[in-house]
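Down below is the structure, laid out as structure tokens.
The values are calculated or read from the model by the stated rules, or taken from the named source; none is laboratory data. Everything quoted here is computed from the prediction, not taken from an experiment. Neighbour counts are summed over all protein chains in view; Cβ atoms, including those assigned to glycine, are modelled from backbone coordinates with ideal geometry. These accessible areas exclude ligands, DNA and RNA; they are computed on the full protein's heavy atoms, side chains included. Shrake-Rupley method; radii C 1.70, N 1.55, O 1.52, S 1.80 Å.
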Amino acid sequence: MHLIALCAVASAIVVGVHGQTQYTATNAASVAAARATARTLSPTSYVKGKTFDRVVQIWLENTDFDMAQGDPSLQSIAKKGITLTNYESVTHPSQPNYIASVGGQTHWVIWDLFSRISKSTKTIVDLLDAKGVSWSEYQEDMPYSGFQGDFVNQQNGKNDYVRKHNPLISYDSVSSDLDRLAKIKNFTMFDRDLKANKLPQWMFITPNMTNDGHDSSITVAGAWAKGFIEPLLQNSNFMNNTLLILTFDEAENYFARNRVMTVLLGDAIPASLQGTTNDTEYNHYSILKTVENNWNLGDLGENDKKATAFW
Ligand SMILES: *[C@@H]1O[C@H](CO)[C@@H](O)[C@H](O)[C@H]1NC(C)=O
Ligand SMILES: *[C@@H]1O[C@H](CO)[C@@H](O)[C@H](O)[C@H]1NC(C)=O
Ligand SMILES: *[C@@H]1O[C@H](CO)[C@@H](O)[C@H](O)[C@H]1NC(C)=O
Ligand SMILES: *[C@@H]1O[C@H](CO)[C@@H](O)[C@H](O)[C@H]1NC(C)=O
């Protein structure tokens, strides 16, 4: 907890330092100006996959496996999918886990502070782009597409959208490319893309700092997840041979095994496996490897290469 608090304070200082740069635009006027011209893209594609045709990750925050498994909302979700009981996060604190989830390693990011990773460093979106598999991120309460700072709730000043929970934004290979930035979107755009049946094949979804449990509790995060996911499981614009992965960035306890609850959901999961558990050892890199296997993408040559895929 102390480590987390320290990082939060340090992070605020860094934002202060960058206050006049392109990275933050947190006052209402500059946000409105930038929003008016922000470029937004909603690409779609139908590249057939081996096991699924669409993959969606939703990441919650900082909860030990047992705490998560004890939550009634998550129990309700677990009945609809496969719970992975031996799934580990990569490290502590939050940010390196998100970074690793798309890059195959933490790239020496050991903290939650503002970080940038060199332009030559590849991520999963390089592999997806090469095969024409469409992708987007959806980050709740990001004020406009491609925003690169942190954003607080304008009514009450609470943490809301944070860069450290956005896996792709710290990679210069993404942030220096306007077409890629235009696919880093918020939940307004998710609702719009869903309704218009313009969701991509690869998605990463981050709820805000309340809904993901970071600044609240597993009860709040579980209730949010149930309210968000259960309608999607019935929505044919979302479910089209879709794999939905609900996981946590890391466990809360820094001094125990970094085991987090992960549930595999969606119509790509056979009905016979709904409500079951699987005790194979997996970790965040397993998701990368599973996606790479599914569309024959090759690999990043990082920890994704040797990871155990789900299939
Ligand atoms: C979400 O992003 C879009 C596109 O940039 C923007 O028009 C919209 O105002 C944003 N929504 C919120 C709630 O900030
Ligand atoms: C997070 O999103 C919910 C809606 O999903 C909203 O009610 C809440 O105010 C947001 N939290 C913050 C801190 O902005
Ligand atoms: C579902 O996917 C197939 C291709 O796999 C596509 O042709 C079809 O239009 C999709 N359906 C919807 C509702 O998006
Ligand atoms: C679960 O367990 C078996 C091993 O018993 C494995 O082969 C299978 O692929 C597993 N994974 C999933 C996601 O079902």
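Take the cross-link list Lys122/Lys198; Lys185/Lys289; Lys198/Lys226; Lys50/Lys122; Lys79/Lys131 and give me the ones stretching past 31 Å between alpha-carbons.
Where the Cα-Cα span goes over 31 Å, the pairs concerned are Lys79/Lys131.
Can you tally the net charge around Pro167? Count Lys and Arg as +1, Asp and Glu as -1, for every other residue whose Cβ sits under 13 Å from the Cβ of Pro167.
Once all neighbours under 13 Å are counted, the net charge is +2.
At a probe size of 1.4 Å, how large is the accessible area of Asp215, to the nearest 10 Å²?
The accessible area comes out at roughly 80 Å².
Binning at 5 Å from 0, report for the stretch 69-127 what percent of all alpha-carbon pair distances ends up in each bin.
Spelled out bin by bin, the stretch 69-127 gives 4, 15, 20, 15, 14, 14, 11, 6, 1 percent.
Regarding the chain, what's the average projected area of the Cα-atom convex hull, expressed in nm²?
For the chain, the mean projected area of the Cα convex hull comes to 14.6 nm².
Take the alpha-carbon centre of the stretch 112-133, take the same for the stretch 68-101, and report the distance between them in whole Å.
23
Could you tell me how many cubic angstrom of Cα convex hull volume the stretch 33-131 has per residue?
Cα convex hull per residue, to the nearest whole number: 199 Å³.
Determine the calculated [θ] at 222 nm for the chain from helices alone, applying -39500 (n - 2.57) to every DSSP H run no shorter than 4 residues and normalising by the residue count; nearest 500 deg cm²/dmol.
Mean residue ellipticity at 222 nm (helix-derived): -9000 deg cm²/dmol.
Taking just the alpha carbons, could you work out the radius of gyration and Dmax for the stretch 169-311, both in angstroms?
Gyration radius and largest Cα-Cα distance of the stretch 169-311: 16.4, 46 Å.
Heavy atoms only, 1.4 Å probe, whole protein assembly: order Tyr161, Tyr46 by accessible area, highest first.
Tyr46, Tyr161
Given a cut-off of under 8 Å on Cα pairs at least six residues apart, what relative contact order in percent is computed for the chain?
Averaging sequence separation for qualifying contacts and normalising by length gives 33 percent for the chain.
Ignoring ligands, DNA and RNA, what accessible area per residue does the stretch 14-294 give at 1.4 Å, in Å²?
Result: 39 Å² per residue.
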